[in-house]
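Okay, structure first, notes after.
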Amino acid sequence: MGGLFSFFEFETLEAMNVFIAQQGLDGEISYLEPFVHVFSHFELTITPSVLALSRIPDVVHDNAIIWFDIAQPPSVGLSTPTKKMVKEISLLGYT
């Protein structure tokens, strides 16, 4: 498996909420400041959301998902916008 790991991407808040419900996740959602990442041929506006889980799930119902512990991140390749979000989430004290 190659490529870079990133957080989930949703076109709408409704799609994000459906995913959260389907996965059986529960917690409080915080919205971070949107930012723009410039690629060579387009600009991407990213509006990060953080789900502070009320409990850590035993499993997430998808084999392609890895658990990303902010305090002890796995050694995986991350895109520049993902690195920026990890740093911001860490500075805000999420664990």
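Since every read-out is calculated from the coordinates, none of them should be taken as a lab result. Small disclaimer: the values here were computed from a predicted structure and weren't measured.
Counted over region 3-51 with a bin width of 10 Å, the fraction of Cα pairs per bin, in whole percents, is 20, 50, 25, 5. From helices alone, the chain scores -7000 deg cm²/dmol at 222 nm; the rule is -39500 (n - 2.57) for each run of n ≥ 4 DSSP H residues, then divide by the residue total. The long axis of helix 80-91 is offset from the longest Cα principal axis of the chain by roughly 50 degrees.
Can you give the Rg to Rh ratio of the chain, both from alpha-carbon atoms, with Rh computed by the Kirkwood formula? Result: Rg/Rh = 0.94. For Ser49, the residues whose amide H sits under 5 Å from its own are Leu32, ignoring neighbours fewer than 5 places away on the same chain, with H placed 1.01 Å from N.
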